[in-house]
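I have placed the structure first, in the form of structure tokens, so that the comments after it can refer back to it.
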Amino acid sequence: MCFPLTECLVVSQISQIPEPSCGICDLTIAPDVESYELDCGCTYHLCCLMDDLEVLVECPQCKEEIIKSDALVLMILHQLQA
Ligand SMILES: [Zn+2]
Ligand SMILES: [Zn+2]
């Protein structure tokens with residue numbers, strides 16, 4: 001007999017994973033909102049990063065130095081022009 005216990009555990013674990021929240025404004029990052037994952041792995045709203053990028057030197061969540069990668073800078077420049 002095969003118990004579906006493992007399946008239930010997996011499902012409950014998945015449902016308990018909190019939605020990612022932005023470390024700058026503390027709000028949940030909805031899937032339809034533009035976000036950016038820094039090299040340290042923390043995710044922020046793109047608009048929050050744009051506001052703070054010039055003054056941010058470390059990640060507000062894990063204090064890793066922020067590497068302002070070309071991808072991020074290009075994305076922000078693109079956003080500013082839009
Ligand atoms: Zn935010
Ligand atoms: Zn981080």
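Please go through segment 1-32 and give me each residue that is surrounded by 10 or more Cβ atoms within 10 Å (Cβ to Cβ) and either modelled with pLDDT of 90 or more or within 16 Å of ligand 2 (Cβ to nearest atom) (or both), ordered by number.
20, 21, 22, 23, 24, 25, 27, 28, 29, 30
Out of contact with any Cys (no Cβ under 6 Å at 6 or more places or on another chain) and more than 14 Å from ligand 1 (Cβ to nearest atom): is that true of residue 77 in this structure?
Yes: the conditions hold for residue 77.
Does any residue of segment 56-68 turn out to be within 16 Å of ligand 1 (Cβ to nearest atom) and more than 21 Å from residue 19 (Cβ to Cβ)?
yes
Can you list residue pairs whose Cβ atoms sit under 9 Å apart, with the first residue in segment 30-41 being more than 16 Å from residue 72 (Cβ to Cβ) and the second being more than 12 Å from ligand 2 (Cβ to nearest atom) and outside any strand (DSSP E or B)? Count only pairs 6 or more apart in sequence or on different chains.
Pairs found: 30/19; 31/19; 33/46; 33/47.
The values are calculated or read from the model by the stated rules, or taken from the named source; none is laboratory data. Keep in mind the model is a prediction, meaning the values are calculated, not measured. Methodologically, a virtual Cβ is constructed for each residue, glycine included, from the backbone with ideal geometry; neighbour enumeration extends over all protein chains shown.
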